[in-house]
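To start, the structure under review is shown below, and the notes come after it.
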Amino acid sequence: QVQLMESGGGLVQAGGSLRLSCAASGSTSSILAMAWYRQVAGKQRELVAVMHNGRSANYHESVKGRFTISRDNIKNTVSLQMNSLKPEDTAVYYCAAGRIATEIRDDYDYWGQGTQVTVSS
């Protein structure tokens, strides 16, 4: 079993920055993929950024050039640096971990509790 704990959400003005962090504990040796998803009420949870173990990152088109995912395999953490935030980035952000290299939401085995990010205009 793996537990994920997110931190770093909050309220920021448009154009500002936030950094989300996620710490994994438990059977972390089984994790290959770590990702950030976000969800707005009434909409599907969507992939924001993913980093597979030792491989390059992939991003949702809407955040390319603004968000950066990073991963520390020794500390078992994944972070999301969010710059130039826009009101449409407002959502609950979830950290996810999977035992296979995947970008399919349903393939992720473990999820954090979510952290609210609100961007005011």
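Key figures for this structure:
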{"read-out": "Per residue accessible area of the chain, 1.4 Å probe, in Å²", "value": "51"}
{"read-out": "FRET efficiency, Glu88 to Ser56 (Cβ-Cβ, R0 25 Å, nearest 0.05)", "value": "0.50"}
{"read-out": "Coordinate range along principal axes, alpha carbons of the range 15-79, Å, largest first", "value": "33, 26, 20"}
{"read-out": "Spread of Cα-to-Cα distances over 5 Å intervals beginning at zero, given as percent, for the range 68-121", "value": "4, 15, 20, 27, 18, 11, 4, 1"}
{"read-out": "Euclidean distance of C-alpha centroids, the range 10-61 and the range 86-121, integer Å", "value": "5"}
{"read-out": "Carbon + sulfur, % of accessible area of the chain - ligands and nucleic acids excluded, 1.4 Å", "value": "48"}
{"read-out": "Per-residue ³J(HN,Hα) for the range 17-29, Karplus 6.51 cos²θ - 1.76 cosθ + 1.60, θ = phi - 60°, Hz, x for Gly and Pro", "value": "10, 9, 10, 9, 10, 9, 10, 9, 9, x, 7, 6, 5"}
{"read-out": "Convex hull volume per residue in cubic angstrom - Cα atoms of the range 50-99", "value": "88"}
{"read-out": "Percent of Cα-Cα distances greater than 25 Å, calculated over the chain", "value": "16"}
{"read-out": "Projected-area mean, the range 5-46, by convex hull of Cα positions, square nanometres", "value": "4.4"}
{"read-out": "Set of lysines near Lys75 by C-alpha distance (under 27 Å), chain-local residues within fewer than 8 positions excluded", "value": "Lys64"}
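The values are calculated or read from the model by the stated rules, or taken from the named source; none is laboratory data. These figures come from a predicted structure and were not determined experimentally. As a convention, Cβ positions derive from the backbone with ideal geometry for all residues, glycine included, and neighbour counts pool all protein chains shown. In case anyone asks, the SASA skips ligands and DNA or RNA and just uses the protein heavy atoms, side chains included. Shrake-Rupley method; radii C 1.70, N 1.55, O 1.52, S 1.80 Å.
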